[in-house]
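Scroll down for the structure; my scribbles are underneath it.
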């Protein structure tokens with residue numbers, strides 16, 4: 001897989017939603033691997049951008065593809081859902097929630113002005129259905145507030161249906177429950193980034209890719225603050241891979 005040599009400099013997770021290391025890919029042994037941006041599944045591999053380094057001293061990133069057999073995919077997916085939800089809440093969420101709230105207000109006004117009892121029921125059911133589908137399609141943003149609006153429509157529908165000569169109580173699908181999100185992890189330290197690179201290199205089944213990852217890790221390991229034993233381990237692993245390729 002071709003290298004993706006992107007230098008992010010001092011960009012931090014706090015500055016860019018979903019930025020450097022915000023996502024995680026979890027190996028089967030539980031080790032969290034930082035990922036810049038979301039992952040994709042291609043055949044039997046998880047493909048993501050692996051950042052190596054730390055914002056204070058510079059980060060280089062490489063596009064990697066790790067066999068799914070090495071990945072805890074359920075946990076990786078849960079963590080990604082949590083990150084997506086946080087990104088949505090920080091970006092599009094407020095505007096799109098304002099839009100659905102405005103639609104609810106418009107629907108209530110239309111129901112109030114409608115003279116035909118059956119059409120009033122139909123309009124209320126449509127608005128309630130749109131509300132019930134909204135949270136899952138919008139990263140569960142402000143779901144408690146959406147539930148409150150749905151409850152308002154449910155109470156209204158009892159009266160509207162009764163006034164239209166329809167059964168006042170009917171069975172409706174419940175509002176889907178949000179998933180249990182993984183708690184966010186702090187940005188990786190330089191040492192954690194290097195250990196993650198070592199782990200990804202070990203899991204990657206492409207010898208050329210292992211060398212590229214370890215070469216990038218070796219550069220980062222020369223920075224101030226890296227424990228000598230960790231630096232030596234990176235050098236040793238790189239030397240082994242180069243020897244095997246020869």
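General remarks:
- Angle between the chain longest axis and helix 228-245 axis [Cα atoms, degrees, rounded to 10]: 80
- The chain: angle of helix 117-137 to the longest principal axis, Cα-based, in degrees nearest 10: 10
- For the stretch 190-246, projected area of the alpha-carbon convex hull averaged over all directions, nm²: 3.3
- Each stretch of four or more DSSP H residues adds -39500 (n - 2.57); spread over every residue of the chain, this sum gives -17500 deg cm²/dmol at 222 nm.
- Degrees between helix 73-90 axis and first principal axis of the chain (Cα, 0 to 90, nearest 10): 60
- For the stretch 34-52 and the stretch 213-230, distance of Cα centres in Å: 22
- Radius of gyration and Dmax over the Cα atoms of the chain, both given in Å: 25.4, 84
- Separation between Cα centres of the stretch 141-155 and the stretch 58-113, rounded to whole Å: 19
- Calculated P(r) tail over 15 Å for the stretch 152-246, as whole % of Cα pairs: 71
- The stretch 45-85: mean projected area of Cα convex hull, nm²: 3.6
- Two-site FRET efficiency, residue 112 against residue 171, from Cβ-Cβ distance with R₀ of 41 Å, rounded to 0.05: 0.95
- A straight chain from residue 144 to residue 126 at 0.36 nm per residue would run longer than the Cα-Cα distance by 4.5 nm.
- Estimated translational diffusion coefficient (Stokes-Einstein, Kirkwood radius over Cα pairs, 37 °C, 0.692 mPa s) of the stretch 48-190: 176 µm² per second.
- Length-normalised contact order of the chain in % [C-alpha pairs under 8 Å, at least 6 apart]: 19
- Residues residue 224 and residue 202, FRET efficiency given R0 of 22 Å [Cβ-Cβ distance, rounded to 0.05]: 0.25
- Calculated on alpha-carbon atoms, Rg and Dmax of the stretch 92-163 in Å: 12.5, 39
Since every read-out is calculated from the coordinates, none of them should be taken as a lab result. All values reported here derive from a predicted model rather than from experimental measurement. Glycine gets a Cβ as well: all are built from the backbone with ideal geometry, and neighbour counts include every protein chain shown.
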